[in-house]
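See structure below.
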Amino acid sequence: MSLPVLPVYYYHDHFKEMLSFVCDTYGPVLTETHHAFVDRFLSLSKDAQCLFIRMVNRSGTVFNPSTFKYTEIADPVGALGELAVAGYVRALVEQDYAAFLACLAKPVLFDGAKAAGLSDVRASWPKGKLTEYCLAHLSFGTAFRHCGGEAFIALGDTEPLEFLLYLYFGKTEHNLKNFALRDLGILSTNDQADFSARFADADEARACFHYARLLRQLETKSDEVYRSSVAAILGGPVCPTDYAFDLRSRAAHKAGLHFEKKGEAGLAVQLYRAGSSAECHERLARLLYAEGDRDAAEDLLRRMIDDPASDDEFVFASDFYARKFDGRRTGLCTELLRAGRTLRVDDIWRGHPEAGIAGVLRRQGLEVFHAENTLWHCLFGLLFWDELFESGQLHSGFDWMPHCLKDRTFALMFSSRIETKLQAVASNAALPQILRIVAGKWGKPNGVFAWDHVDIDALRALLAGANGTGLATMLRLMCEDYRAMRDGFPDLMLVTNGAVSFMEVKAEGDVIRRNQLTRLRQLGHAGIPAEIGRADFRFDPDQDYVVVDIETTGGWTGGDRITEIGAVRIRNHEVVAEWHSLLNPQRSIPAKIVALTGITNDMVRNAPLFAEIADSFMQFMGDGVFVAHNVNFDYGFIAAEYERLERRFRFPKFCTCAGMRRHYPGHTSYGLGKLTRAYNIELKDHHRALCDARAAAHLLNLINAKRDEGRGGAEDIAA
């Protein structure tokens, strides 16, 4: 599919669209500098406007005007002169040195270095090494003279433009690439919402822009940039809101980590003290303790315990204090993990412990839903849809996440409406509101949850079976600080006789993260049972294995189709169920395949299509392990059939061929026919699906007998 061709004045039109929107929406926030920038731009000729826009959309800030060849600009030389008079472009200065060298082709840079007297440079050096060498050994003036610096120009001060783009996009941008991504169909936008300003206060807007811009600069990981950031953090603008404080804290934390790694503890302490986040407080407490200032560390920890900024901060501070000052040997996370319930899970599920434990619990009679964070995102987004997405909380067509969730003003802004809905949750009366949103808004994009993650059965069970007051408590915490509460929720939701509980699944070697510990504590305090489930991987005789064999029209999954499926379910070495069906492959079966399998075109002409048996076969699979002889062949064909139906087919795979090679070595051939003869396994009708599946089931039992002795392992899983 070819991408659309952008119109000639595409960038110009969208730049003016952005200017108009920002000036109309953010008038009180803009300073005289920003208004002057806009007025100066609008006074330029269209050629000059287009050239400036083209320059800001190119990478870097230094350019060679000889490369300015754009169809919409009739007179680039005249346009460049206008931009110079208006102060939008200027000659190079020393601060442009690195950007200037980055613009040069490697041969030009090499020849200039040689001409400047650097005899030890090598043509074989990569451009990066050559650039670093010139920066270290050549002055800007010398490089300017010998590398043609007079032919280059630089953009003037771009801060006013970056501020306008920040107001529009909500993040620091240097160009209009998001417009191009949108119109090329790569980036979707939100054009049907009611928009409002993300900032109403000029001081907040400028402070947020200052620290957001600083965070972007710190992504370069340059020591020089980090050192210049210290003054920008410690002497930056006052933060009038929590959101501005959060951005400043993130910058302080990032810079502090850099200097901590450099061994400059004093500078790191200064930066951490400038932050107000739990992350800054944690690093500060750890660093003070490591540097031997135990009194300061203890005082800080006590303050964090007495007045924590978040539940995560309280967990860290109380845990760290207990281990460093109260003599406790292990941390809260370790203690909770050790106290978790151990569940025996077949080692086939290594790598998929949540699915393995879910199957074990279902066999015990529980109803199990994969929950983790998505269940809570869906509940939160659906319950508060009107407040989040129908009340002007989005600020441009490129916004999906309401700003009130980012700056933690949501709970204050909609306090009465939130309380009304939380009362409905507490009294088990919220489901109709949620179903109304599902019916009316299904598929409408948003920044909180994905519609294909909405599980109505899980939501219904949660609202009906959880402690209503406790559920309202968890949702209130999400309203107050969504960013802190959007992850760390337990993996599984369990329903036992209608009552809901949660389980965080951990495998051997896993650790419990602090946010997971916090969620478990919050759920417990809210009266919603939550626990750790530890997977003990070994052979489980109660695990269901579904041994499958298929017949096809050929060996190519992209073009050939299935003509027959046979499946046998094994539990505790016994056959407990069988499934079989011929299938209409919707194409002719080649004669050589008919000769091999005995399945003719007449036999499958009136057989069901795969789509007609897809649900039945999926139900037969249940929580089973997919087993086959040369498993990737059978699995690949069946997965491809589900993919054609836009459905997922995901199960752990077990190969009886690989398993026999591992546990019963020494055979010259591990084909199904040869192995059945070697072990006196009945194979009456080879190359018919159910017969072959039954034979492979016998091989599985031979393998599992060895695994049951403790000699098997994850190596049996097919690659």
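The values are calculated or read from the model by the stated rules, or taken from the named source; none is laboratory data. Fair warning: this is a prediction, and the values are worked out from it, not measured in the lab. Heads up, the Cβs are rebuilt from the backbone with ideal geometry, glycines too, and the neighbour counts pull from every protein chain shown. Quick note on the areas: whole protein, heavy atoms, side chains included, nothing else; ligands and nucleic acids left out. Shrake-Rupley method; radii C 1.70, N 1.55, O 1.52, S 1.80 Å.
Answer yes or no as to whether Ala358 is over 26 Å from the mean Cα position of the chain (by Cα), at pLDDT 90 or above, over 28 Å from Arg198 (Cα atoms) and surrounded by 15 or more Cβ atoms within 10 Å (Cβ to Cβ).
Details: over 26 Å from the mean Cα position of the chain (by Cα): no; at pLDDT 90 or above: yes; over 28 Å from Arg198 (Cα atoms): yes; surrounded by 15 or more Cβ atoms within 10 Å (Cβ to Cβ): yes.
No; evaluated as a whole, the condition is false for this residue.
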Seminar exercise, completed: Residues of segment 210-225 being within 15 Å of Ala274 (Cα to Cα) and either assigned to a loop (DSSP other than H, G, I, E, B) or of a type in the set (Ser, Thr, Tyr) (or both), in sequence order, are Tyr211
Exercise. If we keep just the residues of segment 244-283 that are surrounded by fewer than 23 Cβ atoms within 10 Å (Cβ to Cβ) and of a type in the set (S, T, N, Q), which is nearest to Ala484 (Cα to Cα)?
Worked result: Ser277
Exercise. For segment 62-87, what are the residues that are assigned to a helix (DSSP H, G or I), open to solvent by less than 40 Å² (accessible area, probe 1.4 Å) and farther than 21 Å from Cys103 by Cα?
Worked result: Gly78, Ala79, Gly81, Ala86
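Tell me the strands (runs of 3 or more DSSP E) entirely within segment 515-571 that contain at least 1 residues that are touching a Leu at 6+ places or on another chain (Cβ under 9 Å) and open to solvent by 10 Å² or more (accessible area, probe 1.4 Å). Before you say what the answer is, go through the steps one by one.
Working: elements: 530-537, 545-552, 562-571.
Hits in segment 515-571: 530-537, 545-552.
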For this session: Look through Ala614, Ala595, Ala628 and report the one residue that is buried (at least 18 other Cβ atoms within 10 Å of the Cβ), among the small types (Gly, Ala, Ser) and either within 31 Å of the chain's Cα centre (by Cα) or modelled with pLDDT under 95 (or both).
Result: Ala614
For this session: Would you point out which residue out of Ala507, Ala530, Ala577 is more than 30 Å from Phe633 (Cα to Cα) and in contact (Cβ under 8 Å) with a residue 12 or more places away in the chain?
Result: Ala530
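Results for (1) aliphatic (A, V, I, L, M); (2) over 30 Å from the mean Cα position of the chain (by Cα), shown as yes or no for each residue.
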| residue | (1), (2) |
| --- | --- |
| Gly236 | no, yes |
| Lys254 | no, no |
| Gly266 | no, yes |
| Cys280 | no, no |
| Tyr289 | no, yes |
| Gly292 | no, yes |
| Ala296 | yes, yes |
Problem set entry | Long-range neighbours under 8 Å by Cβ, at least six apart or interchain, first residue in contact (Cβ under 8 Å) with a residue 12 or more places away in the chain and under 21 Å from Arg206 (Cα atoms) within segment 31-46, second open to solvent by 90 Å² or more (accessible area, probe 1.4 Å) and outside any helix (DSSP H, G or I) | none
Problem set entry | Those helices (runs of 4 or more DSSP H) lying entirely in segment 378-459 with at least 3 residues open to solvent by 60 Å² or more (accessible area, probe 1.4 Å) | 415-426, 431-441
